[in-house]
Amino acid sequence: MIDFVQNCFDGVMLGSSYALLAIGFTLIFGVMRRLNLSYGPSIMLGAFVGTLVFLEFRAGGLAVAAATVVGAVLVGIYVERLCFWAIRQGAAVASMVSSFAIWMQLEEVVTIAFPDRTYPFPPLTRTEPMDFGPFFFKVENLIMFACAVALTLGLHLLLYRTRFGLRIRAVAENPDAARYMGINIAAVTFLAFACASAIGGIAGYLIVAQDGQITPLFGLWATFKGLIAMMLGGMGSIPGAILGGLLLGVVEAQNIWYLGTEYRDLCAYALLFVFLVFRPGGMFGHTLAERERLALRRV
Amino acid sequence: MDDHLVGVLSNIGMISFIALSAYLLLIVGEISFGQQAFFAISAYASGIATAMWGWDFWPGLAWGAAVAAAAAVLVGIPTLRIRGLYFSIATLAFAEMVRLVFEVFKYQVEIDGEMVGPDGSDGFRDIRYIFENDITAVEYMLMIYGLLAAVLCAFFLLERSRLGSIFRMIGQDPVLAQMQGIDVTAYKILALGMAGLVAGIGGGLYAHLTTFVEPKIFNVMLGVHSLAYGLIGGLGTAFGPLIGVAIDIGFLESIRAISGYRMIAFGGLVAVLLIFRPRGLLDEAAVNWIRLRLRRRHA
Amino acid sequence: MLEVRGIVTSYGKIEALRGVDLSVEEGRITCLLGPNGAGKTTLMMTIAGILNPSRGSIGFDGVELVGLTPSRVVRQGIALVPENRLVFPDMNVRENLLAGAFLRLAGERAEVDRDLDRMFDRFPRLRERAEQNAGTLSGGEQQMLAVARALMARPRLLLMDEPSLGLAPLMVEEIFRIIRDLHRDGTSIFLVEQNAHMALQVAHRFFLLEQGRVTFDGTPGELAEDEVIQRAYLGSRANG
């Protein structure tokens with residue numbers, strides 16, 4: 001029982017990194033109804049910019065974090081222009097495929113610029129795990145969890161308390177109506193995309209700093225974990241992203257403990273597959289019937 | 001012929017099968033990131049048949065392709081209810097599940113004092129039928145191209161047939177196709193089964209050429225490549241995906257000056273084409289134009 | 001010929017049709033009028049089997065259509081010319097026409113070819129563009145193609161959803177001329193139309209659909225006399 005509870009705690013901690021990734025992912029999907037598969041690789045590229053700053057200038061944590069975020073945003077802008085802005089409206093699938101193609105590009109850019117497989121990254125903290133009775137926690141995980149909560153709150157305030165947020169929501173709800181109201185859709189989606197990339201950059205910094213190292217494989221990892229977490233919660237839903245991330249974390253943690261690490265990813269994908277087939281809207285998104293209704297509305 | 005050239009040509013031939021498989025689904029309007037799963041299933045199944053059960057090559061290949069087709073139909077029944085992005089992600093999840101299952105799949109028997117068979121993440125070694133039966137690299141290449149020619153002929157017949165027009169109708173507008181009296185779901189499952197079969201032929205050929213298969217080869221990048229071939233070459237004719245393969249493997253990978261930057265060029269090419277020619281170089285309009293030209297010259 | 005009784009069709013929790021009753025007589029042109037969002041397209045889709053009603057029945061010459069798949073409905077002899085999504089854009093005009101005869105292609109190929117010729121005679125403009133991709137046609141030509149494609153199925157009842165939508169006035173005239181011709185040749189037509197002036201000239205019977213219910217049912221004469229309808233659908237010109 002203590003194992004199970006400890007696994008749940010571990011899962012929540014692990015899941016907060018997935019949740020962080022899923023927030024940015026879901027923001028892009030919510031606004032554009034498109035999927036950016038290059039999301040993970042852009043964060044990975046940002047993290048390599050952070051590594052570069054760290055190695056070249058022996059920079060401290062804050063500068064590395066800033067470099068990571070700036071890098072992720074710049075790459076995000078490149079992806080947005082090429083895969084989303086330039087592709088005509090309605091071609092959501094084309095955007096998805098295009099973002100996958102750009103993923104290959106980004107990965108190769110990194111492997112050429114950084115020929116060693118693994119590079120060091122400044123760790124977040126160097127403190128020992130803390131004990132609470134029979135349970136223990138890592139400090140980095142607690143920081144990550146706190147950041148996930150803070151980012152969600154910040155994003156919520158941005159969306160519901162600012163004019164920019166109002167515009168984002170208008171575009172997300174009904175782009176045509178938003179256009180008639182004089183909202184510049186391209187500008188709003190661009191800024192929302194940049195925001196999501198910045199969130200991704202923060203998430204990437206925290207996760208990579210916790211690992212203390214970065215490899216080009218991080219892009220794949222980040223896209224899939226973020227994607228699964230987002231899908232479980234329901235695409236486009238921010239509370240869904242958090243809960244989806246935590247659910248994925250808990251399932252994985254239990255899995256690792258009871259079945260072993262080989263089955264960790266297998267179970268994650270199986271969970272995704274089952275959700276897609278039986279509840280494609282996730283826990284908080286539209287149910288299948290509702291989506292059919294939306295689809296037929298456009299008939 | 002020198003070995004390098006034979007190797008490149010054999011590769012082009014094998015990858016063409018998986019490209020044609022993804023192309024067939026593009027024709028019915030579905031984007032699959034997961035055709036590599038059927039390639040993998042057949043690679044294992046046919047390898048098991050020849051190396052462990054002592055079957056001949058052709059029955060082994062047919063068995064592998066049939067298993068792949070059956071798997072495709074089984075996976076199609078639940079997933080084809082969901083559409084667009086969701087279907088694509090479901091195929092991705094399925095393919096990764098297949099890969100991860102092969103990572104833990106162990107099934108070995110002792111043959112002549114040696115253990116033969118799939119050994120988890122170490123892969124499946126010693127699929128030695130080609131060597132044991134003294135088939136040369138050139139002969140095997142000719143076998144690949146013979147099969148490819150047969151499959152291409154089948155595709156051309158298909159495109160001139162009633163079934164081919166039904167597939168195209170479904171791909172362009174499933175609701176309108178329904179209004180013409182077509183049972184869209186049944187035909188989509190049929191298309192998925194056929195695509196599984198074609199990918200399966202490629203997988204069986206691949207396993208016997210390389211003599212060993214590793215699960216990690218069948219990752220998403222293989223799936224995305226095979227999808228991209230059709231999108232580059234064009235969706236107007238079955239030559240489209242072959243042109244895509246030839247551009248990628250024949251040109252980008254084989255020319256040394258470019259090969260280091262292959263992914264950058266390839267990813268960029270896909271992204272740019274999706275903007276300017278969303279249905280590829282040889283799209284329906286281009287094919288129609290060429291056909292008219294040819295007809296006029298003959299007339 | 002077509003008897004719609006108490007049809008209720010919902011999108012999720014919203015009822016788009018809330019108990020629709022109407023009938024279409026053989027050999028007549030029946031017209032369904034109504035404002036945007038009244039449920040006209042929903043009704044067409046329901047008859048064609050693409051949407052499933054939660055209640056009610058649709059009888060077609062004694063056969064119950066509710067519960068049939070769209071392909072079964074087509075087999076009964078009903079063809080729909082849908083609104084907006086008219087053609088298969090990346091297939092040429094000839095292929096689009098053959099698509100309409102899809103169910104007959106296996107057995108009666110020769111007859112289908114004769115029908116194809118007949119369609120080209122009826123719509124010479126389509127013959128000129130036979131090898132052209134349908135997506136490159138103008139709006140009016142696409143509408144013609146959609147009608148011709150529906151006729152290729154040799155329907156006994158033709159459903160047309162707003163055939164004049166978005167067309168230039170000359171093209172609208174042309175479409176209505178075609179509707180009259182089809183009627184003369186013996187096809188029964190059930191037409192959704194916003195253009196009440198044009199519809200008045202061709203239709204024999206009118207239904208008005210408002211907020212998911214039929215609120216008026218009558219002949220052209222009765223329609224022209226109804227003051228509310230006059231104001232809403234015919235405007236001042238009908239008074240003159």
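Throughout, read-outs are computed from the coordinates displayed, never taken from laboratory work. Here the structure is a predicted model, which means the values were calculated and not measured. Backbone-built Cβ (ideal geometry, glycine too); neighbour counts: all protein chains shown.
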- Message: Using DSSP H assignments, which helices in chain A have an axial alpha-carbon span of 18 Å or above and a mean Kyte-Doolittle hydropathy of 1.6 or higher?
- Response: A:61-79, A:185-211, A:264-278
- Note on the structure: The longest stretch of chain C containing none of the GluC sites (Glu not before Pro) that sit in a DSSP loop with at most 15 other Cβ atoms within 10 Å is C:132-240
- Expressed as an acute angle from 0 to 90° and rounded to the nearest 10, what is the orientation of the C-alpha long axis of helix B:284-298 relative to the principal long axis of chain B? 80
- Message: If R₀ is 51 angstrom, what is the calculated FRET efficiency for the pair residue A:157 and residue B:105, using the beta carbon separation as r and rounding to 0.05?
- Response: 0.55
- Could you tally the net charge around residue C:77, taking each other residue with its Cβ under 13 Å from the Cβ of residue C:77, Lys/Arg +1 and Asp/Glu -1? +3
- Message: How large is the Rg to Rh ratio of segment A:71-121 when both quantities use alpha carbon positions and Rh follows Kirkwood?
- Response: 1.09
- Task: Set Lys and Arg Cβ to +1 and Asp and Glu Cβ to -1, take the dipole of segment A:1-141 about its Cα centre, and tell me which of A:21, A:7, A:139 lies farthest positive.
- Result: A:21
- Item | Point-to-point label distance, residue A:118-residue B:160, nm (Cα→Cβ direction, 7 Å offset) | 5.9
- P(r) tail fraction, segment C:1-110 - alpha-carbon pairs more than 23 Å apart, %: 36
- Task: Determine the percent antiparallel among the DSSP beta bridges restricted to chain C, to the nearest 5.
- Result: 55
- Message: I'd like the Karplus ³J(HN,Hα) series for segment C:144-151: coefficients 6.51, -1.76, 1.60, θ = phi - 60°, whole numbers in Hz, and an x wherever there's a Gly or Pro.
- Response: 4, 4, 5, 5, 4, 4, 4, 5
- With axes computed from alpha carbons, what is the tilt in degrees of helix C:169-184 against the longest principal axis of chain C, rounded to the nearest 10 within 0 to 90? 90
- On the formula 1/(1 + (r/R0)^6), with r taken between the Cβ atoms of residue A:127 and residue A:63 and R0 of 30 Å, the FRET efficiency rounded to 0.05 is 0.90
- Message: Could you give each residue of segment B:255-262 its phi-based ³J(HN,Hα) in whole Hz, using Karplus coefficients 6.51, -1.76, 1.60 with θ = phi - 60°, and x for Gly or Pro?
- Response: 8, 4, 4, 9, 4, x, 10, 4
- Note on the structure: By the Kirkwood definition, with r running over pairs of different Cα atoms, chain B has a hydrodynamic radius in Å of 19.7
- Item | In Å, descending, principal axis extents of the Cα set of segment C:110-207 | 38, 28, 17
- In 5 Å bins starting at 0, how do the alpha-carbon pair distances of segment B:49-190 split up by percent? 2, 8, 11, 14, 16, 15, 13, 9, 7, 4, 1, 0, 0
- Note on the structure: In terms of the charge dipole of segment B:3-219, which places +1 on Lys and Arg and -1 on Asp and Glu at the beta carbon, the residue among B:46, B:152, B:181 farthest towards the positive end is B:181
- How high is the FRET efficiency from residue C:8 to residue A:86, r the C-beta distance, R0 51 Å, rounded to 0.05? 0.70
- Item | Per-residue [θ]222 nm for the protein assembly as shown (sum of -39500 (n - 2.57) over DSSP H runs n ≥ 4, rounded to 500) | -20000 deg cm²/dmol
- Note on the structure: The distance between the Cα centres of segment B:168-207 and segment C:133-147, in whole Å, is 27
- Message: Connecting C-alpha atoms closer than 10 Å in a GNM of chain A, tell me which of A:67, A:94, A:229 has the biggest fluctuation.
- Response: A:94
- Item | Those lysines that a straight Cα-Cα span of less than 19 Å connects to residue C:40, excepting residues fewer than 8 apart in one chain | C:13
- Determine the distance separating the Cα centre of segment A:5-28 from the Cα centre of segment B:239-279; give it in Å without decimals. 37
- Measuring from centroid to centroid over Cα atoms, what is the spacing of segment B:115-138 and segment B:32-106 in Å? 19
- Task: Give, in nm to one decimal, the length gained when the segment between residue B:256 and residue B:4 is fully stretched (0.36 nm per residue of separation minus the Cα-Cα distance).
- Result: 89.4 nm
- Long-range amide H contacts for residue C:210: which residues qualify at under 5 Å (H placed 1.01 Å from N, peptide plane, sequence gap of 5 or more or a different chain)? C:215
- Of A:68, A:152, A:111, which has the largest mean-square fluctuation in a 10 Å C-alpha GNM of chain A? A:111
- Note on the structure: Per residue, the convex hull enclosing the Cα atoms of segment A:2-297 spans a volume in Å³ of 136
- In nm, give the distance between the simple-model label positions of residue A:211 and residue C:111, each being 7 Å from the Cα along the Cα-to-Cβ direction. 6.7
- Query: Mind checking which lysines have their C-alpha under 22 Å from residue A:225, skipping anything on the same chain fewer than 8 residues away?
  - Reply: A:138, B:216
- Short to long, in 10 Å steps from zero, the percent of alpha-carbon pairs of the protein assembly as shown per bin is 2, 12, 19, 22, 19, 14, 8, 3, 1, 0, 0
- Dipole in debye (nearest 20) - the protein assembly as shown, about Cα centre, beta carbon charges: Lys, Arg +1; Asp, Glu -1: 2260
- Kindly write out, for segment B:154-170 in residue order, the coupling ³J(HN,Hα) from the Karplus curve 6.51 cos²θ - 1.76 cosθ + 1.60 (θ = phi - 60°), rounded to whole Hz, with x marking Gly and Pro. 4, 5, 5, 4, 4, 5, 8, 8, 4, 4, x, 5, 4, 4, 5, 4, 4
- About its Cα centre, how strong a charge dipole does chain C have in debye, to the nearest 20, once Lys and Arg get +1 and Asp and Glu get -1 at the Cβ? 380
- Could you give the radius of gyration (one decimal) and Dmax (whole number) of the Cα atoms in segment B:197-242, in Å? 12.3, 35
- Task: Run the numbers on segment B:3-219 and let me know its relative contact order in percent, using alpha-carbon pairs under 8 Å that are six or more apart.
- Result: 42
- Virtual spin-label span in nm between residue B:145 and residue C:64, 7 Å along Cα→Cβ: 6.2
- Note on the structure: Volume per residue (Å³) of the convex hull spanned by the alpha carbons of segment A:93-162 is 221
- Query: If only Cα atoms are counted, what is the Rg of chain C, and what is its Dmax, in Å?
  - Reply: 17.7, 55
